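Colleague: First the structure, which I've put down as structure tokens, then a few questions once you've had a look.
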Amino acid sequence: MIEEPDEGPLVLPPSVPEHLREAFWAQKRAVLQALQDPPNIEGVDVGGRGKALAQLSELLAGSAVRDEGNSCLILGPKGSGKTRVIEEALRELKPRPIIVRLSGHAQINDRLAMKEIARQVSSQLGTSWGQEEDEEMINVETNDFAALPPPAHLPALISSLPSLPRPTIIVMDAFDLFTGHARQALLYCLLDTVQSIRVGEGHKGLAVIGVTSRLDTLTLLEKRVKSRFSHRTIRVGTPATLEEFTGLAKACLTVPPPATSKEWNKIWLASVQRFFESKSVVDWFAETFSIVRSVPLLRNALMSKVVMLKPEAPWLSDDLPRPESNFPQLRNLSYPTAVLLIAAAHRLTSGQAIFTFAALESDFKEYVRIVQSAPVQLAGGSVGMAFENLVEAQIFESTTAASSNFDKRYNKYRCAIEREEIRLAIDRTGQTNLKKWFSRSL
């Protein structure tokens, strides 16, 4: 970060002087690069990334250095820095282990995942590995179950990972999608192999790192898979305070370019200070933080302003795009929809993030019975229709596979929006009784 000057306020020139234009372009490139990969803030652990890095580094060292078997889940919202934490931890490992990267979006079944594991391991070893198994897998017919490797191949290939000449780290992005694979065979074999490794028996270490933004991922694991998972969860969060949120933006905008001058540093820092002192910018940060706390939204908003800078108009404008919810349905809530969202907020407060329609309906009826200030009771049909609309809008997300043999009233769901966003939506309804009921969930 550029050091602040000791002098008083500086009058910014309307354009960049000719002799400073090279520094201007260097600053613009440095800021854009920082927005793509935000720098660390000295003395501040934004979103707990420093703690997460220390925990993951220790775990990976156990597999890469001490030849242990380890597994863990990296959990955090999109854009919180999960991938960055993993890459920083991997860079610290000496000597370099075999690193296999899988994605639930690309490897949609175990057959594709097995082929990708064999390809990446062979590439890093410089020799063919798992070739015979892979050739037989390619000949399998592609129907629902035949798309998977034969049961005899999967355990044999995975169980041979500890016999490789170097430790192996398997990073599984979108880990929750792997739970949808038939029988969860790949997850079972990987975690069973991890659990079977014993230090001192001549095997190399193996670590399985799952990465996801779904809080309920562990509930998606089958019992036999869950019993082999270590249940270690490393959390990476968004900035915890408005000061951290604003500090991250300042760190990106004041990152020094590789080559610069004191004159330019003084001018650029003064422009950034003026930007953050603007009332509209202060309000934008407060509103964005209260609604979404989204680092990607912050980066995109700032990037849209930085890319427009040019020597003739070199200073950041304060007309940042207003933060909007990802769910436009919240702008105009019907009464039954508001009732269901408040009931979900009460459940979340009590530590029950997973709920069913029957549970929300029961909570509402019980509250109507015992509290005079509760909303009037609604007919079940209107509430049921509102619930289906929330599911269709993906505000309520299913956590279990749908089944025609199961009463839909008892399907399990979770709310995809934060309590603060529900509060803002309830405030917009202008209904005092709804606000009172919601306030009891805080």
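Colleague: Order 79-90, 241-252 from most to least packed using the mean count of other Cβ atoms within 10 Å.
Modeller: 79-90, 241-252
Colleague: List every residue whose amide H lies under 5 Å from the amide H of A240, counting only residues 5 or more places away in sequence or on a different chain, with H placed 1.01 Å from N in the peptide plane.
Modeller: Answer set, sorted by chain and number: G47.
Colleague: Return the sequence-ordered ³J(HN,Hα) values of region 339-347 in whole Hz as given by the Karplus equation 6.51 cos²θ - 1.76 cosθ + 1.60 applied to θ = phi - 60°, using x for Gly and Pro.
Modeller: 4, 5, 5, 5, 4, 5, 5, 4, 4
Colleague: At 1.4 Å probe size, with no ligands or nucleic acids counted, give the accessible surface of D45 in Å², nearest ten.
Modeller: 70
Colleague: Additional query: With every protein chain kept in the model, how would you rank R111, R331, R21 by accessible area, 1.4 Å probe, largest at the top?
Modeller: Descending accessible area places them as R331, R21, R111.
Colleague: Can you run phi through the Karplus equation (6.51, -1.76, 1.60; θ = phi - 60°) for region 64-79 and list ³J(HN,Hα) in whole Hz, with x for Gly and Pro?
Modeller: 7, 9, 9, 6, 8, x, 9, 8, 7, 10, 8, 10, x, x, 4, x
Colleague: Please give the calculated 222 nm ellipticity per residue for the chain, where each DSSP H segment of at least 4 residues contributes -39500 (n - 2.57) and the sum is spread over every residue; nearest 500 deg cm²/dmol?
Modeller: Rounded to the nearest 500, it is -14500 deg cm²/dmol.
Colleague: How much of the accessible area of the chain, in percent, comes from carbon and sulfur atoms when a 1.4 Å probe is used?
Modeller: Answer for the chain is 52 percent, counting heavy atoms of protein chains only.
Colleague: Whose amide H sits under 5 Å from the amide H of G69, counting only residues 5 or more places off or on another chain, with H placed in the peptide plane?
Modeller: So G69 has HN proximity to L206.
Colleague: In the structure shown, do any of K51/K226; K51/K78; K204/K226; K250/K305 have a Cα-Cα gap over 21 Å, and if so which?
Modeller: K51/K226; K204/K226
Colleague: What is the set of long-range amide H partners of I99 at a cut-off below 5 Å, with H atoms built 1.01 Å from backbone N?
Modeller: Close amide H contacts, sequence-distant or interchain: I169.
Colleague: Quick one: if you stick a label point 7 Å off each Cα along the C-beta vector at R29 and E222, how many nm between them?
Modeller: Result for the modelled spin labels: 5.3 nm.
Colleague: What is the chain by shape, rounded, prolate or oblate, if you read a ≥ b ≥ c off the alpha carbon gyration tensor as root eigenvalues and call it rounded for a/c under 1.5, prolate for a/b larger than b/c, and oblate otherwise?
Modeller: oblate
Colleague: Same structure, new question: Starting with the highest mean, order 349-356, 313-320 by the number of other Cβ atoms within 10 Å, averaged over the residues of each peptide.
Modeller: Most protected by this proxy first, the peptides run 313-320, 349-356.
Colleague: Take the alpha carbon atoms of region 251-280, find their center, do the same for region 54-131, and report the distance between the two centers in whole angstrom.
Modeller: Cα centroid of region 251-280 versus Cα centroid of region 54-131: 38 Å apart.
Colleague: Excluding ligands, DNA and RNA, what is the solvent-accessible area per residue of the chain at a probe of 1.4 Å, expressed in Å²?
Modeller: Accessible surface, normalised per residue, equals 50 Å².
Colleague: Go through region 286-293 residue by residue and turn each phi into a ³J(HN,Hα) via Karplus (6.51, -1.76, 1.60, θ = phi - 60°); whole Hz please, and just put x for glycine and proline.
Modeller: Karplus-based 3J(HN,Hα) across region 286-293 equals 5, 5, 5, 5, 6, 8, 10, 6 Hz.
The values are calculated or read from the model by the stated rules, or taken from the named source; none is laboratory data. Predicted model, so just to flag it, every value in this text is computed and none were measured. FYI the Cβ positions are ideal-geometry reconstructions off the backbone, even for glycines, and counts take in every protein chain you see. Surface areas here come from the heavy atoms of the whole protein model, side chains and all, with no ligands, DNA or RNA. Shrake-Rupley method; radii C 1.70, N 1.55, O 1.52, S 1.80 Å.
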